[in-house]
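Below: one structure, written as structure tokens.
The values are calculated or read from the model by the stated rules, or taken from the named source; none is laboratory data. All values reported here derive from a predicted model rather than from experimental measurement. When we count neighbours, we look across all protein chains shown, and the Cβ atoms used for this are built from the backbone with ideal geometry, even at glycine. Keep in mind that these areas ignore ligands, DNA and RNA; they rest on the heavy atoms of the full protein, side chains included. Shrake-Rupley method; radii C 1.70, N 1.55, O 1.52, S 1.80 Å.
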Amino acid sequence: MVGVLLDNPRSGFDGGARRGRFGRPSRRVLVVAAVAAVPVLLIALQIVASCNGFEGPLQSVWHDYFGTPKSMSMPWAGLGLALIGLSWRRRFVAVSIAVALDAAIAGLRVALGGPLTFGNGAVITLTGLALLAWLGWEGRDKRNALHAAALGALLILATKVGDVWLHVTVMAGPNVLDRYMALADRAFGEPSWLVARGLGALGPVVPAVLHWVYIELPVAAMAIAVWQLRNVVRTGMWPGHYLVRTFLVLGLVGPVFYILFPVVGPMFAFAADGHGLQIGNFWPRHLPPMEHAPARIRFDAFTPRNCMPSMHAAWSTSIFLHSRRDTDGSPAPRWLRWGGAFWVLATLVATLGFGYHYGADLIAGVVLCLTVESALRAPERGWTGARIQLVAAGFIVFFALLLSYRYLALWMAEHTLPAGIIVVALVAAYCRAFYVTWFAQPVPAHPAEIAEVPAR
């Protein structure tokens, strides 16, 4: 799968020539395998969900078509991505059909006593668009439309898989590591407690805005992706790298650690939302007492263990990075750069202020994002020594953070100043290396010229 994501569609070399007679399979074989893996994964997760009494991805997809969609924004975000591959006339027609279908289905649902929600029209239109392009169009129009429709469908399906995975984290991790996280977080000043008290003093408007920013992260990603891919129809060329690729790979890699490092967050482990299983009602007004013998704690059977690492921190960081420059390396417009900065800042404040995460979670999420981005960025450069070193260093820093949170938590709580300085300095050094590798050097006017830059 990584081979597909790193392949450069603008390369002039044939895949078979690059790989050799006994090398890796061709790009087409890998794409077919990846496409075949999607229904297999959905069916497997649906079986797991049905056997354990919660909604599976296929049920959720069925509701998007014929029932009440779980999300109003995600279907439209997926359709928005799909529209990238269409001409303006076809976009107008597709949006008109989607709006008409959504209005009709929503009106019928309300008339039958159901809730007022939207999304069915967008999903139906996206499906019809893919079928029309596959069966009725040819050439560049067909390729662009199917490529964009696949991105939109993947965005929607990824949320379905993510919902099921949250249930899997509960099944796999009955005991959580929040005692360790609270100790480690002392080295960072226990920011969740501090930010939550600050938000509480600002009244209801600011938290409401932050909550909207937090839950609509995929919509922000869709907006960045639409901007990055705005020239696809006109040129027929897809960039070698864009935000959706980073989003999807982060979504594949990050949640694995929910099982390896189960954490529920301060609002559950240290507040009344713990449903009687919390360590105490401390968050956000009171700091928990120092524990000199931390241990796992048994938790409930329905709160997701989805804190470590913070995927909202990782995804919002990727939004920030991709809002800095265009896909050809030129500076992004000012409104986009300010928008990306606002979104990452607001998301990080929300994750802390609402008690969803510890500060240590956010640090790990940022490092994971920079590591994945280093593996995917500028595929035309190839796997140079600088890229290999940066990716390897990222994984080393990431695993060092997780191991220190687990096995050095008490030491970090007892030596807050040196522990905090060491972690912050280590992460800052990695961020600096990332910047020097990908942003400090001037980018040639034509991306193809990047391949000629010698490895450092």
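Out of all the residues in region 232-250, which are open to solvent by less than 30 Å² (accessible area, probe 1.4 Å) and in a helix (DSSP H, G or I)? Break it down into steps so the answer makes sense when it comes.
Quick first cut of region 232-250, residues open to solvent by less than 30 Å² (accessible area, probe 1.4 Å) only: 232, 236, 238-247, 249-250.
Matches in region 232-250: Val232, Leu243, Val244, Arg245, Thr246, Phe247, Val249, Leu250.
Search region 89-100 for residues that are touching a residue at least 12 places away in the same chain (Cβ under 8 Å) and pair each with any residue that is not in a helix (DSSP H, G or I) when their beta-carbon atoms are under 9 Å apart and the residues are at least 6 apart or on different chains.
Ala94/Leu86
Out of all the residues in region 373-407, which are open to solvent by less than 40 Å² (accessible area, probe 1.4 Å), within 16 Å of Tyr435 (Cβ to Cβ) and part of a helix (DSSP H, G or I)?
Step one: list which residues in region 373-407 are open to solvent by less than 40 Å² (accessible area, probe 1.4 Å), which gives 373-380, 382, 384-387, 390-391, 393-394, 397-398, 401-402, 404-405.
Now restrict to residues that are within 16 Å of Tyr435 (Cβ to Cβ): 373-374, 377-378, 386-387, 390-391, 393-394, 397.
Passing the criteria: Glu373, Ser374, Ala386, Arg387, Leu390, Val391, Ala393, Gly394, Val397.
Sort out which residues of region 135-152 are open to solvent by less than 40 Å² (accessible area, probe 1.4 Å) and either among the β-branched types (Val, Ile, Thr) or assigned to a helix (DSSP H, G or I) (or both), and write them in order of number.
Pass one, region 135-152, residues open to solvent by less than 40 Å² (accessible area, probe 1.4 Å): 137, 139, 144-145, 148-149, 151-152.
Those that are open to solvent by less than 40 Å² (accessible area, probe 1.4 Å) and either among the β-branched types (Val, Ile, Thr) or assigned to a helix (DSSP H, G or I) (or both): Gly139, Asn144, Ala145, Ala148, Ala149, Leu151, Gly152.
Out of region 102-121, which residues are out of contact with any Ser or Thr (no Cβ under 7 Å at 6 or more places or on another chain) and open to solvent by 50 Å² or more (accessible area, probe 1.4 Å)?
Ala103, Ala104, Leu108, Val110, Ala111, Leu112, Gly113, Leu116, Phe118
Among the residues of region 384-397, write down those that are in contact (Cβ under 8 Å) with a residue 60 or more places away in the chain and either touching a Leu at 6+ places or on another chain (Cβ under 6 Å) or β-branched (Val, Ile, Thr) (or both).
Answer for region 384-397, where residues must be in contact (Cβ under 8 Å) with a residue 60 or more places away in the chain and either touching a Leu at 6+ places or on another chain (Cβ under 6 Å) or β-branched (Val, Ile, Thr) (or both): just Thr384.
Looking at (1) in contact with a Cys (Cβ under 6 Å, 6 or more places away or on another chain); (2) without any contact (Cβ under 8 Å) to a residue 60 or more places away in the chain; (3) of a type in the set (S, T, N, Q), find the lone condition where Ser318 falls short.
(2)
Test Lys160 against the stated conditions and say whether it is at pLDDT 90 or above, buried (at least 19 other Cβ atoms within 10 Å of the Cβ), out of contact with any strand residue (DSSP E or B) (no Cβ under 7 Å at 6 or more places or on another chain) and basic (Lys, Arg).
On the way: at pLDDT 90 or above: yes; buried (at least 19 other Cβ atoms within 10 Å of the Cβ): yes; out of contact with any strand residue (DSSP E or B) (no Cβ under 7 Å at 6 or more places or on another chain): yes; basic (Lys, Arg): yes.
Here the answer is yes, as Lys160 does meet what is asked.
Here is a list: Ile84, Ile97, Ile124. Which entry is surrounded by 15 or more Cβ atoms within 10 Å (Cβ to Cβ) and more than 26 Å from the chain's Cα centre (by Cα)? Spell out how you get there, then give the answer.
Numbers: Ile84 fails: more than 26 Å from the chain's Cα centre (by Cα); Ile124 fails: more than 26 Å from the chain's Cα centre (by Cα).
Among Ile84, Ile97, Ile124, only Ile97 is surrounded by 15 or more Cβ atoms within 10 Å (Cβ to Cβ) and more than 26 Å from the chain's Cα centre (by Cα).
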